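A.B. asks: What follows is a single structure, and I will ask about it in a moment.
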Amino acid sequence: VMAASKPVEAPGGGGGGTAGLSRWQLALVLGAPILLGAGAIYLWGRRAGLTARGAGAGVPLPTGPPGAAWRMPGLRSAGGRFRQAAGPVQKAASPLGRAQAAKNKGNKYFKAGKYELAIQCYTEAISLCPPEKNLDLSTFYQNRAAAYEQLQKWTEVAQDCTKAVELNPKYVKALFRRAKAHEKLDNKKECLEDVTAVCILEAFQNQQSMLLADKVLKLLGKEKAKEKYKNREPLMPSPQFIKSYFSSFTDDIISQPLLKGEKSDEDKDKEGEASEVKENSGYLRAKQYMEEENYDKIISESTKEIEAKGKYMAEALLLRATFYLLIGNASAAKPDLDQVISMEDANVKLRANALIKRGSMYMQQQQPVLSTQDFNMAADIDPQNADVYHHRGQLKILLDQIEEAVEDFDECIRLRPNSALAQAQKCFALYRQAYTGSNALTVQAAMKGFEDVIKKFPKCAEGYALYAQALTDQQQFGKADEMYDKCIDLEPDNATTYVHKGLLQLQWKQDLDKGLELISKAIEIDNKCDFAYETMGTIEVQRGNLDKAIEMFNKAINLAKSEMEMAHLYSLCDAAYAQTEVAKKYGLKPPTL
């Protein structure tokens, strides 16, 4: 059972909340080979909805400082911008002494804001310095770059930093200053390489360099995704994905089997029904194809009904829009959804369903105000529609409005008491609230809530999956593993469960082979599971297999269901690629699993 917002996904794509780290770091990950499940909003995933089992939950994240391996000797030896020469003052006659004196004079001008004069002094220091004094010379270049930076002469900044880095390849200050200059010059790729080197050298301890890396990765990702997504071939998701998507709606007319009234009255046998459908409208043919899981023909058959302005025009518009969303074509879906919503004489269930889907689409496009408006309008026009509250509840969780989310789930449960999914999601909302508030008693109460849900609804796979995520947060790994096994028993063809179980093996037992085996099984079940390829890429980064990681990220990119998701995947891929370039240039490589 899924939440209905897929192909819509949560904005941001799900990062580990407690670690406070952006997901791009998964492709630059350092540190101990332990994976934190903590804090990842479980709903930010790749299943068919906002409660999708996917991206954020259980992703590998660094657990702390990577230790002495990256405390490079001599990192600070070329020192601060204004470092005074250590030890006894050089004799005035010595070239190095004269160079140091010129630099010191430059530092005074710099502090006084006289940058042009400072540059002259640093230039003099560079010309006086003996060429074999690499560290001193690199400092002089770096200082001159700092002065050029104050004058916003970015090309000169980059040039001087390059000289400094040539003389001292692990000079963090010069690398970071050059990264900032590249950013100003719009050299994103070069900026990313420099800031990647800085992040590794500083063991991801410096917020400033991490923020710049995050910023440039997002810009690169958006740029590449915009171009690629525009020219992508529409891709129908796997049948499992499509069935999961529709299973999250109960008040959705278009996903119900053909009704008796839509079939021939004269001939009720199977042959008669099939021939009746063929003779009838495009919409009824599309419904027949849906039952046969022949999904590729649905858009074209729905279009025939729409062009003929047939009896089922509103249904056909909604069905076509839904499949446009499923293949990742939101711009084609929107006019169809708009039209259904504006049809005041259409069945209110169709209009409410269109509003849910458009609201979910807006959420995916990071327009939460428009999204909220659509969900509210759906509740106004069809207040007895449980789907509205179910999906609005998920939206509220993503907006961190937990109390409102719980109210919506309660209303859904009141209207549909047997909604296992709404009850499980309500438990998860309460758990997230307790967990982020670090309230042990309410955490305990929420965990008991999960136990009650799985006892009452033993056939609801999502209940076990959400409970498994909470158990992972609580480091009750053995029990979490059992819950994933229950999911697999109930939904053996759900690829994402295998991915999560695989990630759990890494976190729990550091068992890389078992983890990869389970993720490979996910790909075997569904070779269109982008989450499996993304996770495989992440693990390959940690193993140091960067080329393999890039291959996996590219597979995920080709399967991405939204431009935003594609941008995120490009960020991961670019982070891995930058690391390969840094490894070649500077011999810097984070520790691997």
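A.B. asks: Considering every residue within the range 357-366, establish whether at least one is without any contact (Cβ under 8 Å) to a residue 60 or more places away in the chain and in contact with a Pro (Cβ under 9 Å, 6 or more places away or on another chain). Can you show your working first?
C.D. replies: At the first step, the residues of the range 357-366 found to be without any contact (Cβ under 8 Å) to a residue 60 or more places away in the chain are 358-359, 362.
When the remaining residues are screened for being in contact with a Pro (Cβ under 9 Å, 6 or more places away or on another chain), the result is 362.
Yes; the residues of the range 357-366 include at least one that is without any contact (Cβ under 8 Å) to a residue 60 or more places away in the chain and in contact with a Pro (Cβ under 9 Å, 6 or more places away or on another chain).
A.B. asks: Continuing with this model, one more query. Just to be sure I understand, how many residues within the range 476-491 are at pLDDT 95 or above and either among the β-branched types (Val, Ile, Thr) or not in a helix (DSSP H, G or I) (or both)?
C.D. replies: Residues meeting the conditions: 2.
A.B. asks: Follow-up. Any chance you could count how many residues in the range 162-196 are in contact with a Leu (Cβ under 9 Å, 6 or more places away or on another chain), small (Gly, Ala, Ser) and over 24 Å from LYS133 (Cα atoms)?
C.D. replies: Going through the range 162-196 one residue at a time, the tally reaches 1.
A.B. asks: Can you tell me which residues in the range 452-475 are assigned to a loop (DSSP other than H, G, I, E, B) and over 16 Å from TYR435 (Cβ atoms)? Break it down stepwise before answering.
C.D. replies: Taking the range 452-475 first, the residues assigned to a loop (DSSP other than H, G, I, E, B) are 457-460, 474-475.
Once the filter is applied, which keeps residues that are assigned to a loop (DSSP other than H, G, I, E, B) and over 16 Å from TYR435 (Cβ atoms), the range 452-475 yields PHE457, PRO458, LYS459, CYS460.
A.B. asks: Here's another thing I want to ask about it. Just one of the numbered conditions (1) without any contact (Cβ under 8 Å) to a residue 24 or more places away in the chain; (2) part of a loop (DSSP other than H, G, I, E, B); (3) closer than 22 Å to HIS390 by Cβ is not true of ARG414; which one?
C.D. replies: If we test ARG414 against (1) without any contact (Cβ under 8 Å) to a residue 24 or more places away in the chain; (2) part of a loop (DSSP other than H, G, I, E, B); (3) closer than 22 Å to HIS390 by Cβ, just (2) comes out false.
A.B. asks: Something else: Farther than 27 Å from GLN579 by Cβ and open to solvent by less than 60 Å² (accessible area, probe 1.4 Å): does that describe LEU466?
C.D. replies: It is true that LEU466 is farther than 27 Å from GLN579 by Cβ and open to solvent by less than 60 Å² (accessible area, probe 1.4 Å).
A.B. asks: Would you point out which residue out of GLN366, GLN373, GLN401 is open to solvent by 60 Å² or more (accessible area, probe 1.4 Å) and either within 28 Å of LEU235 (Cα to Cα) or among the hydroxyl-bearing types (Ser, Thr, Tyr) (or both)? Break it down stepwise before answering.
C.D. replies: Values: GLN373 fails: either within 28 Å of LEU235 (Cα to Cα) or among the hydroxyl-bearing types (Ser, Thr, Tyr) (or both); GLN401 fails: either within 28 Å of LEU235 (Cα to Cα) or among the hydroxyl-bearing types (Ser, Thr, Tyr) (or both).
Just a single option satisfies the conditions, and that option is GLN366.
A.B. asks: Got a sec? Which helices (runs of 4 or more DSSP H) wholly within the range 271-385 have at least 2 residues that are under 24 Å from the mean Cα position of the chain (by Cα)?
C.D. replies: 313-326, 330-342, 348-364, 368-381
A.B. asks: What number of residues within the range 549-593 satisfy the criterion of being of a type in the set (Lys, Arg), surrounded by 16 or more Cβ atoms within 10 Å (Cβ to Cβ) and part of a helix (DSSP H, G or I)?
C.D. replies: Residues flagged as of a type in the set (Lys, Arg), surrounded by 16 or more Cβ atoms within 10 Å (Cβ to Cβ) and part of a helix (DSSP H, G or I) within the range 549-593 amount to 1.
A.B. asks: Can we say TYR533 is of a type in the set (Phe, Trp, Tyr) and either at pLDDT below 95 or open to solvent by less than 30 Å² (accessible area, probe 1.4 Å) (or both)? Before the answer, list the steps.
C.D. replies: Details: of a type in the set (Phe, Trp, Tyr): yes; either at pLDDT below 95 or open to solvent by less than 30 Å² (accessible area, probe 1.4 Å) (or both): yes.
For TYR533, the condition - of a type in the set (Phe, Trp, Tyr) and either at pLDDT below 95 or open to solvent by less than 30 Å² (accessible area, probe 1.4 Å) (or both) - is met.
The values are calculated or read from the model by the stated rules, or taken from the named source; none is laboratory data. This one's a predicted model, so the numbers in the text were calculated from it and none came from an experiment. Please note: Cβ atoms are built from the backbone with ideal geometry, for glycine as well, and neighbour counts cover all protein chains shown. The area values use the complete protein model at the heavy-atom level, side chains included, leaving out ligands, DNA and RNA. Shrake-Rupley method; radii C 1.70, N 1.55, O 1.52, S 1.80 Å.
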